[in-house]
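These notes concern the structure reproduced below.
The values are calculated or read from the model by the stated rules, or taken from the named source; none is laboratory data. Just so we're clear, the structure is a prediction, and the values are computed from it rather than from any experiment. Note: ideal-geometry Cβ built from the backbone for every residue, glycine included; neighbour counts use all protein chains shown.
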Amino acid sequence: MEEEQEFEMGLPNGVGEAMLAHTIEKFDVKLEHTEFGPKLVGSYEELEKAKQYIADAIAKRLKELQG
């Protein structure tokens, strides 16, 4: 059985705990803490989905704040 390669994705500032928790629940990724900040680890496909989910959530929150 071939093991799937894992990739890393750093998280931008502004990703809140609730958003991060939902991302980890929704996608097959895990959170790791490094000296450079938190990052998500998982397959390329799952990280791409997680990235889009986070971007959409941030955009939605910004729209709410703009009124």
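Structure summary
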| quantity | calculated |
| --- | --- |
| Close pairs (7 angstrom Cβ cut-off, 6 or more residues apart or separate chains): under 13 Å from His33 (Cα atoms) in the stretch 1-13, of a type in the set (A, V, I, L, M) and modelled with pLDDT of 95 or more anywhere | Glu8/Val41; Met9/Leu40; Met9/Leu47; Leu11/Leu40 |
| Pro38 vs. criteria modelled with pLDDT under 95 and part of a strand (DSSP E or B) | yes |
| Any hit, the stretch 58-66, residues being in contact (Cβ under 8 Å) with a residue 12 or more places away in the chain and either touching a Cys at 6+ places or on another chain (Cβ under 8 Å) or of a type in the set (S, T, N, Q) (or both) | no |
| Failed item in (1) in a strand (DSSP E or B); (2) surrounded by 12 or more Cβ atoms within 10 Å (Cβ to Cβ); (3) at pLDDT below 95, with Val15 passing the rest | (1) |
| Selection from the stretch 27-67 of residues that are of a type in the set (D, E, K, R), surrounded by 15 or more Cβ atoms within 10 Å (Cβ to Cβ) and touching a strand residue (DSSP E or B) at 6+ places or on another chain (Cβ under 8 Å) | Lys39, Glu46, Lys51 |
